[in-house]
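Read-outs: derived from the displayed coordinates by stated rules, not from any lab. Small disclaimer: the values here were computed from a predicted structure and weren't measured.
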Amino acid sequence: MNTTAPKTEALSFKTPRTGGFFSRLPVVHQLRQSMGWQRGMLITGLVITGVFVLTALLAPLIAPYGFAQRKADSLAFGTQQPPSGEHLWGTTVGGYDVFSRVVWGSQTALFVIVIAVVFSIFLGVLLGLVSGYFGGWLDRVLVVLCDAIYAFPSLLLAIVMSIVISGGRSSMWGGILAAAISITVVFIPQYFRVIRAETVRIKAEAYVESARVVGASSSRIMFRHVLRNATRTLPLIFTLNSSEAILTLAGLGFLGFGIEPTAAAEWGFDLNKAVSDVSTGIWWTALFPGVAIVLVVLGITLVGESLNDLADPRLRGRRAVSAASGDVAETSVVPGGTLTAGPGGLDGLETPDPIGDEPGEVRS
């Protein structure tokens with residue numbers, strides 16, 4: 001009996017619809033994949049982070065006063081003034097406008113994040129790639145060195161590096177570079193470990209061996225084949241380290257190793273000067289810088305954790321996986337036809353023959 005079916009019915013899949021360039025962007029792609037709580041966390045984190053970045057970029061337009069301005073129209077602001085129409089969030093013990101200091105402080109934090117994370121990614125990825133690919137004595141030396149740096153408390157190491165670089169206090173760009181470089185030293189071992197582990201795994205893959213056989217140079221293999229596949233987790237580490245950079249910068253400023261108040265606004269320094277105000281009932285000088293630190297760290301952390309969950313298939317919800325995989329039509333498991341092939345269709349393969357054959361027996 002001929003059970004063949006038209007070839008168009010033998011195997012049928014529906015290809016998922018794909019969007020344009022915008023839908024393939026990293027964060028947009030994860031946003032389309034997310035469902036339920038994951039989507040809510042990711043959107044919340046993106047909104048908070050976006051507000052932080054826009055505030056930092058538009059600080060000269062948003063802030064009513066300069067970060068070191070103490071008077072306007074030849075009139076001093078006054079110290080520890082409560083929130084009012086003239087000063088929305090009051091003034092500090094040094095006579096600075098709190099709202100302006102918080103807005104300008106976002107710009108300082110963004111500069112430190114960008115410089116520190118870019119430097120640490122460049123050095124950490126380069127060292128991890130070279131160490132994992134070549135191995136040998138260089139690998140052992142770099143591993144021991146990075147483990148030794150990683151064993152130190154991050155804030156203590158940042159304080160030591162800040163003192164070495166700038167003596168603990170400096171101008172705006174000097175303080176920003178000092179804080180960024182000190183944070184860079186803390187972050188390099190993290191990127192080094194991740195890239196080295198991925199490089200050791202990838203260099204044993206078949207396509208890397210094939211590249212060696214055809215005569216590709218070591219630099220071409222590292223940067224064209226290994227690096228491209230070893231850096232997939234960097235966006236996750238980038239977001240988490242950005243929030244840690246803000247905390248480290250605030251810790252340096254709070255302990256007195258930050259930037260001079262006349263050189264730039266910094267949230268940790270403002271919190272340090274507001275400690276004595278809290279006990280006297282002056283709450284506004286410490287509340288707003290503290291809330292700014294908490295919100296920015298929360299927003300960046302939510303983005304990082306959401307991207308981490310969506311990057312791991314085991315942590316995605318079943319609905320998210322089903323929505324991302326598209327619709328799959330019925331698939332043929334019988335040569336020459338679909339599941340409906342055979343005498344009597346699928347029922348004919350499983351039910352007893354009405355003439356009296358054994359159950360499940362199929363007549364030819």
(message) With every atom except the alpha carbons ignored, what do you get for Rg and Dmax of region 158-238, in angstroms?
(response) 18.4, 55
(request) Output the relative contact order of region 38-178, whole-number percent, from Cα pairs under 8 angstrom with separation of 6+ residues. (result) 17 percent
